[in-house]
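First the structure, in the form of structure tokens, and then the observations on it.
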Amino acid sequence: MFATQHRGRVVLTAAALSIGALLLTSCSTSGTSTSGANPDTKPKSADGPYGTFTGEKLTLSRWAGDPWTAGQQTAADDWNKATGGKLTISAVPYENLHDKQALTLSSGNSSYDIMYVHPSWFGEFAKAGYLAPITKDLADPKRNPAGFSAASYLPSVLSQGVYKGTQYCLPDFVSTIVVGYRTDLFESAGLSAPKTTGDILKDAAILNGKDGAAGIVMPGKATGAVADVFGSLLTAQSNWWYDAAGTKDTLSTGAATKALNFYTQASKFAPTGLLNMAVDDAATVAAQGKAAMVVDTTPSLSALEDPAKSKTVGKWAYVPLSFTAGKPGGELIYWNWCIAASSKNKDAAYSFLQYYTDTAQQAKVALAASTLGATKSFYADKEVTSKLPFLDAVNSALSNANPQPSLASWPAIQTAIEVAVQNSIQGKETVAQSVADMHTALKGLNN
């Protein structure tokens, strides 16, 4: 089990970046380059990748969708040019990604070298032996910029790529759940910024139908985001799904009831088709001016600030989810970059991982995709942080947050939880029945 991965709340505000470095055990992916490659070659330019890998061909498995795919393709092209390797991105819809990766890895196929692994199936893959350890690579001064090591990352995020004391992955795509609200509609109605979930529901009722907009929109499709929103609502009440060891159900029936009541009541002021809306769908509705408020992940909310996608650019402000004013809660959302244990190009794969998750590349992604980096120096980059309109809300939410579950048993539990939320929204079950279903699902923690 994950004895060190879910202890207490994580703090990611800029003021908290002095947390001590994660102590790592000694494991390595080294010794796997083809003849003539040199993983220790220093970069040809500042912030460039390490190593020369002429002729090595790598495949990166990830979900499909811009602006992230496009940004990573640019990074891959730059890495190819600098190292002589050839990294190709294989992108599939998110709904198919887990099964595609699991089938490939379970067969021993070496067609994947690097994988974007979601927290909900990280534990499953690590337990199955599908991932290669990278601890020694992180500690090798010949393969990293001066001063770069595990200590360069936020410990609370880096630790989510640890399984049984071994580092397997490097993180990026840091985000959380926040609330976006239309400042123009709020001002016209004489409303102030919502401070609590009670305010959100009251404001949604007032604004519903005004100017052709629904009162609120949020994810309703069972793709993981429903559980992310629900987890944030639990954390705001100082509750969580399970204990530090990941073996005991700690879900408070009272907290779950309040969270589910919020979800079901908010759905009354949402557009039709809510249960078919994933994170990007909800953001698109808001960007097109069809909702006064939106509860969503910050990467998806980038659409609101993108002139090419949004009719409402510059009309949004952001706040964290709070049941009690001044006591926000969030969920640490992130993705892990992992090297496949079956990869024949592990040295080259680590080179790209280090290059892409370091501050310079993450800063580029942040401005395009409204995500945050996982390195401490990212939060010291004033140019980047000044251009992220949601940063204060994110920092506030992550001052009291739990990381997305990464237990091996979580995928099945998450599905059952999301179905319970959907059943309550549809009126197929009472709130009490749906909460009972969640407790039943959490019995699977020991499986």
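Where a number appears in this text, it was derived from the coordinates with a stated rule and is not lab data. All values derive from a computational prediction rather than experimental measurement. Because the Cβ atoms are built from the backbone with ideal geometry, glycine has one as well, and the counts that use them run over all protein chains shown.
What whole number of Å gives the distance from the Cα centroid of the range 114-153 to the Cα centroid of the range 280-321?
Centre-to-centre distance over Cα atoms comes out at 33 Å.
What pairs in 86/344; 164/443; 57/309 have C-alpha atoms more than 24 Å from each other?
Beyond 24 Å: 57/309.
Working from Cα positions, state the angle (0 to 90°, nearest 10) between the long axis of helix 119-128 and the longest principal axis of the chain.
Roughly 40 degrees between the two axes.
Would you mind checking the pairs 258/387; 290/315; 127/248; 258/327; 346/376 and listing those with alpha carbons more than 24 angstrom apart?
Beyond 24 Å between Cα atoms: 258/387; 346/376.
I want to check the label-to-label distance for residue 64 and residue 327. Put each point 7 Å from Cα in the C-beta direction and report it in nm to one decimal.
4.5
Extending each Cα 7 Å along its Cβ direction at residue 430 and residue 128, get the distance between those two points in nm, one decimal.
Computed distance between label sites residue 430 and residue 128 equals 4.0 nm.
Starting from the Cα-Cα distance between residue 189 and residue 81, subtract it from 0.36 nm times their residue separation and give me the gain in nm to one decimal.
33.4 nm
Sort 439, 98 so the one with the fewest other Cβ atoms within 10 Å of its own Cβ comes first.
Fewest-to-most Cβ neighbours within 10 Å comes out as 439, 98.
What's the extension gain from residue 245 to residue 205 if we count 0.36 nm per residue and subtract their Cα-Cα distance?
Residue separation times 0.36 nm, minus the Cα-Cα distance, leaves 10.3 nm.
Fully extended, how many nm does the chain gain between residue 423 and residue 146 (0.36 nm per residue separation, minus their Cα-Cα distance)?
Taking 0.36 nm per residue and subtracting the Cα distance, the gain is 94.4 nm.
Could you state the number of Å between the C-alpha centres of the range 219-234 and the range 405-436?
About 10 Å separates the Cα centre of the range 405-436 from the one of the range 219-234.
Mind checking the angle between helix 410-426 and the chain's longest principal axis? C-alpha axes, 0 to 90 degrees, to the nearest 10.
Its long axis makes an angle of about 20 degrees.
May I ask you to list the lysines whose Cα is less than 21 Å away from that of residue 382, ignoring any residue fewer than eight positions away on the same chain?
Counting by Cα, and skipping residues close in sequence, residue 382 has these lysines nearby: 364.
Considering just Cα atoms, how many Å³ per residue does the convex hull of the range 378-447 enclose?
Once divided by residue count, the hull of the range 378-447 is 141 Å³.
Can you give me the Cα centroid spacing of the range 188-203 and the range 66-91 in angstrom?
Using only Cα atoms to place each centre, the spacing works out to 43 Å.
Give me the angle, in degrees from 0 to 90, between the Cα long axis of helix 346-357 and the longest principal axis of the Cα atoms of the chain, rounded to the nearest 10.
For 346-357 against the chain, the angle is about 40 degrees.
Which percent, to the nearest 5, of DSSP beta bridges fully inside the chain are antiparallel? Before the final figure, lay out the partial values.
Working: 29 of 43 bridges.
About 65 percent, rounded to the nearest 5.
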